[in-house]
Each structure stands twice: as C-alpha cells, then as structure tokens.
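Report on the following structure.
The values are calculated or read from the model by the stated rules, or taken from the named source; none is laboratory data. Please read all numbers here as calculations on a predicted model, not as lab measurements. Reconstructed Cβ throughout: ideal geometry from the backbone, glycine too, with neighbour counts over all protein chains shown. The accessibility values were calculated without ligands, DNA or RNA, using every heavy atom of the protein model including side chains. Shrake-Rupley method; radii C 1.70, N 1.55, O 1.52, S 1.80 Å.
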Amino acid sequence: MPFLNDSSAAGRCTLRPLRRRGAVAAVVVFAMALTACTSRASADSSQPKASGKVGGTLTVAYSSVPQTLDPAKTVQNNSLYQALAYEPLIVRKSDGSLAPGLATSWQYVGNDNTQLQLQLRSGVKFSDGSTLSAQNVVDHFQYVLASGGQFAPLFAGDTFTATGPMTVIIRTPKPNPDLTTLLTQDDVVGGIISPTGLQNKAKLGTQTFGAGPYELDPSATVAGDHYTFVPNPNYYDKGTVHWHKVVVRAITSPQATLNAMQTGQVDFAVGDASTLDAAKRAGLTITMTPLLWTGVTLADRDGAMSKPLADVRVRQALNYATDRTSIASALFPNGGKATAQLTVPSGYGYDASLDNAYPYDTAKAKQLLADAGYPTGFSIKIVTADYQSMNLVAQALAQQWQKVGVKLQITDRANANQYTTEAFGAKYPAFMTIFGQQPIWTEGPSLFLPSALFNPFHSASTDLQALYDQAAKASGDAKTSADRQVEGFLVHQAWFVPVVTTGLPYYATKKVTGTSVSPKAPLASIYEVQPAQ
C-alpha cells in the first residue's frame with residue numbers, strides 16, 4: 001500500500017502531489033515534496049530478496065498524524081493508516097502494475113473510457129464479519145461522494161451501479177482512462193468500507209472496518225502517537241500477511257526518525273534529503289525514485305498582472321535564462337536532475353527529447369526578450385514557501401535571470417498556508433512550485449486546465465484542451481503518444497519553468513526487505529514490506 005509522507009513532499013498531488021482536483025492539489029504540492037514519482041527507480045543493489053517469512057513486529061515511522069481514520073474523509077498523506085486495514089478494489093504494486101484486490105477483474109466497456117466494469121471477489125469477509133457485495137461497493141462510493149472529502153471531487157458526476165451480486169459498473173460523464181488507478185490504495189477511497197462500518201459512520205474516525213490484511217487494535221493505540229495493527233482474522237489471503245503486528249509511530253522530525261532507526265526503534269520510514277547522507281553512513285537500505293519537479297509556475301499567461309508573461313517569447317526566454325544543471329548540482333546533489341519538462345524519466349508523458357528543450361543560453365533569452373519588446377528586461381513578482389528548498393531555487397533563479405535583465409522580486413513566506421493562499425489566489429503573477437508527477441488525466445484538473453488549482457488565472461487553450469481530450473480517450477501506444485503531445489504543448493508554450501526533479505527516499509534497516517519503488521509507483525507499498533532473510 002502507499003507510503004506517503006508530507007514532510008517530504010505537491011498527487012497524486014507536489015505542494016504529489018501528489019491535487020487531482022480542488023483540495024487535493026494542496027496536498028500534492030506539500031505532500032509530495034514528494035510525490036512526483038519518478039526517474040528510474042534506484043533500488044539499493046544490496047537489498048535482500050523477499051523471504052516469505054512472517055515476522056514479529058514491523059515498526060514504521062510516519063510524519064503525518066491522521067485527524068481521522070475514515071477513508072472517505074482522510075487525506076492522501078495519511079494513506080498508510082487506511083492501506084493496512086482497507087483492501088482496495090485494485091492493488092498498485094511496486095513495479096507500477098495493477099493487480100486484483102477486492103476486484104478480480106475489470107475492463108472498460110466500449111471504446112471511449114467512460115464505463116468501467118468490475119467483477120468482485122466472492123466470499124470476502126470484512127474484519128467485522130460482514131460480507132462484500134456489489135451493493136456494498138455502490139454504498140461505499142455514495143458515502144465517499146456525500147462526505148465531501150479530498151477524493152470526492154475525483155468521482156464527481158460518476159454513477160455506480162450494481163448490475164449483479166458481484167458486478168459493479170462505474171460510468172463517468174467524460175472519458176477517464178485512469179479510473180483504475182483511482183481505485184487503488186494510492187487514492188485511499190479505493191479501499192472499501194464494510195456494510196457494518198457504513199451503518200456506524202461515527203465510528204469510522206477511530207476504528208477500522210475494512211477487508212485488508214490488518215485491523216486497528218484500539219487498546220494498543222494512542223491517537224497522535226502510535227497506531228497498532230494486528231492481522232485481520234477474516235483476510236482472504238492470509239499467506240500475504242507478513243507481520244504479526246505493525247506499529248505506526250507518528251514522528252514529525254526527520255532527524256528524530258533517523259535517530260530512531262539507528263537505535264533499532266524503527267524498521268522502515270520515509271527519509272528526507274536533509275538526512276540522506278547520514279542514512280547512508282548508518283548503513284540503512286535506501287530506495288528512491290525521482291518523484292517531484294521543482295520550478296516556477298508562470299501563472300499570469302494573459303498578462304493581467306504582468307503584461308510580459310502574456311508573450312510566449314518572454315516565457316521561453318525565462319526558460320533559456322535558467323541554468324538548470326548548476327542549480328541541480330548545487331542545491332540537490334543527492335539525486336537532483338535538471339529537467340525542462342513536467343514529468344520524470346519513465347513517467348507519464350515523458351519525452352526524452354524535451355529534457356533539454358531549453359539549453360542554458362542567455363544570448364537567445366535576450367534576443368527573445370528584445371523581439372517581444374523588452375530589450376532591457378522587466379521586473380516580475382514571485383511568491384515562494386520557505387520549504388523543501390523552493391526559496392533557495394528562487395534565489396538562484398533571481399541571480400540567473402538578472403543576467404538577461406529580468407528582476408525577480410521574491411516574497412518568501414515562512415508560513416506555508418499564507419504562501420498557498422497567495423499563490424493559488426492569483427495574488428502573484430508567478431509562484432514557486434513543487435509538483436508530483438501524475439497521470440495526464442489527473443494532472444490536468446490539478447495543474448493546467450482552466451479550473452486547476454495551479455492555474456489561478458484560469459488560462460485556457462483550445463489546442464491544449466483538444467490534446468487533453470484526445471489523451472483521455474486513448475489507450476495503449478496511442479495514449480502514450482497523446483500524453484507526450486500534452487507534455488510537449490506545456491513545454492513549448494512555456495507555461496512553467498521546470499528546473500529539477502528530485503526523489504523521495506525510503507529508509508529500511510536490514511530487518512526488512514520489499515521496499516522497492518518505480519517510476520509509476522513512487523510510493524512504497526506497505527503490503528510488500530517483509531522480513532529479510
């Protein structure tokens with residue numbers, strides 16, 4: 001199941017990332033200073049192979065403290081707590097592939113990606129003894145929609161119908177090629193709540209009512225400090241339960257997390273760039289894959305606050321004026337990679353030819369500015385958070401853009417909420433951004449479509465919308481090509497100034513294995529964490 005950590009974060013939300021729509025974006029930005037998912041996963045070659053053993057207690061450090069355990073109302077940063085207890089309809093594995101969960105099979109009906117049929121697993125009992133059925137799944141999603149939680153907007157307008165005792169049809173008002181991924185553990189609400197839980201909604205915040213491999217042990221849990229999970233006696237696949245107990249400790253400090261691992265108090269955790277070198281010296285197993293991109297959102301593309309940004313030549317000039325390689329090596333020496341596109345190697349829409357779409361070239365930048373009518377440059381205001389080195393990247397850009405006459409006037413907000421309010425409230429023509437790589441369909445409503453949180457001035461393009469709609473209907477190789485066309489439009493129209501991609505490290509002691517991640521599955525799956533030999 002996913003292991004997301006907001007201290008490392010912006011999606012599936014980035015300031016992942018990891019939002020897909022609405023509120024999810026804020027999580028994506030900060031939670032994903034993180035979630036970007038991607039570059040080739042670099043698993044430590046010394047990592048032991050899965051042993052097949054059942055271990056005693058797995059202790060996990062998690063920096064996010066859940067306000068609720070209710071899958072319909074929680075946020076993605078807290079997905080681990082739900083993942084342990086709530087089996088999803090579809091399981092996202094660490095290699096990015098999709099595997100049966102509570103659904104044994106699924107397929108789109110027709111050729112427009114608007115109708116998904118799910119065949120459910122028969123004989124499944126929840127931890128409370130109630131039984132899985134198609135009507136149960138329909139009732140679950142009706143509750144998700146009514147709850148108004150972070151993930152409800154992802155299913156806005158969708159209808160759920162039980163067409164048989166164990167068959168469910170989901171219909172979407174518009175093509176949605178990524179509906180299957182929304183039903184995995186990564187988006188939490190794919191984990192179905194039992195009929196008993198749905199009848200006792202007030203208890204969902206402090207108890208678990210799932211069909212997952214574990215269930216919460218309230219007697220051994222102290223809210224806000226640690227959460228203890230024990231095996232679900234009714235789990236349908238007991239052979240995949242790897243621990244007699246899983247304890248999740250809420251530790252908000254990266255250094256405290258590292259200290260706990262060094263003293264044997266914690267076995268597995270999300271790491272942090274600030275402790276990466278120390279973790280290597282301590283002999284911890286480190287797995288990491290590029291996940292986020294950091295750069296600038298040139299939000300005022302119609303020139304309402306900053307007239308120069310309305311000209312594509314100006315936006316392209318800012319990209320040419322950016323020495324990405326220098327910034328990556330100076331500020332992100334542990335895995336940072338210069339990039340000019342809004343995804344990562346092997347990620348959704350990735351096109352290797354776009355990596356160097358804007359080689360550092362001050363002469364070309366000056367020429368483009370002159371052609372646009374700004375031979376001596378101009379001034380532009382930008383807001384940044386004092387978070388995950390965004391402010392440091394802004395300072396580096398100010399020095400570089402000054403060389404072509406562009407004066408970057410930086411407002412650095414120590415208060416992340418103030419930054420969010422101002423950036424997403426169209427108070428500045430540009431803002432620093434950390435965003436997690438996502439499937440194009442979910443990225444659109446989060447990053448670049450007119451209603452997207454990261455598009456506060458509501459920039460619209462009929463060409464971009466057409467490309468997006470084409471990608472939404474496509475499948476297979478055609479979808480890969482269509483996704484790349486969307487990415488190419490954003491790069492060539494220079495709606496953003498991507499600078500560097502970074503990864504999310506996971507730390508493990510020699511006690512455990514199974515912590516692999518991959519470009520399209522950057523969040524470690526707690527299901528696969530097993531005792532080492």
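Things to note:
- Counted over the chain, the DSSP beta bridges are approximately 75% antiparallel.
- Ligands, DNA and RNA left out, the accessible area of the chain computed with a 1.4 Å probe is 49% carbon and sulfur.
- The alpha-carbon of Lys381 sits under 16 angstrom from the alpha-carbons of these lysines, leaving out residues fewer than 8 places away in its chain: Lys307, Lys407, Lys427.
- Cα point-scatterer Debye curve for region 210-323, base-10 log of I(q)/I(0) at q = 0.10, 0.11, 0.16 Å⁻¹: -0.60, -0.66, -0.88
- The Cα atoms of region 486-528 define a convex hull whose projected area, averaged across directions, is 4.5 nm².
- The phi-based Karplus calculation (6.51 cos²θ - 1.76 cosθ + 1.60; θ = phi - 60°) puts the 3J(HN,Hα) values of region 269-284 at 6, 7, x, 8, 4, 5, 10, 4, 4, 5, 5, 5, 5, 7, x, 6 Hz, whole numbers, x for Gly and Pro.
- Cα extents for region 305-448 along the principal axes, largest to smallest and rounded to whole angstrom: 38, 37, 31.
- Relative to the Cα centre, the charge distribution of the chain, modelled as +1 at Lys and Arg Cβ and -1 at Asp and Glu Cβ, gives a dipole magnitude of about 360 debye.
- Candidate lysines for bridging to Lys125, where Cα separation is under 17 Å - those fewer than 8 sequence places away on the same chain excluded: Lys238
- Table column - 3J(HN,Hα) (Hz), region 56-67, Karplus curve with 6.51, -1.76, 1.60, x for Gly and Pro: x, 10, 9, 10, 10, 9, 9, 7, 9, 9, x, 7
- For Val500, the residues whose amide H sits under 5 Å from its own are Thr294, Thr339, ignoring neighbours fewer than 5 places away on the same chain, with H placed 1.01 Å from N.
- Per the Kirkwood formula applied to alpha carbons, the chain shows a radius of gyration over Rh ratio, Rg over Rh, of 0.98.
- Rounded to whole Å, sorted largest first: equivalent-ellipsoid semi-axes of region 386-523, Cα gyration tensor: 27, 25, 15
- Cut-off 20 Å (backbone N to label point 7 Å along Cα→Cβ of Thr252), residues of region 410-427: 413-421
- Extension gain (nm, one decimal) between Asp302 and Gln135, 0.36 nm per residue minus Cα-Cα: 55.3 nm
- Ellipsoid fit via the Cα gyration tensor, region 114-226: semi-axes of 25, 17, 12 Å, each the root of five times an eigenvalue, largest first.
- Averaged per residue, the chain has 35 square angstrom of accessible surface, using a 1.4 angstrom probe with ligands and nucleic acids left out.
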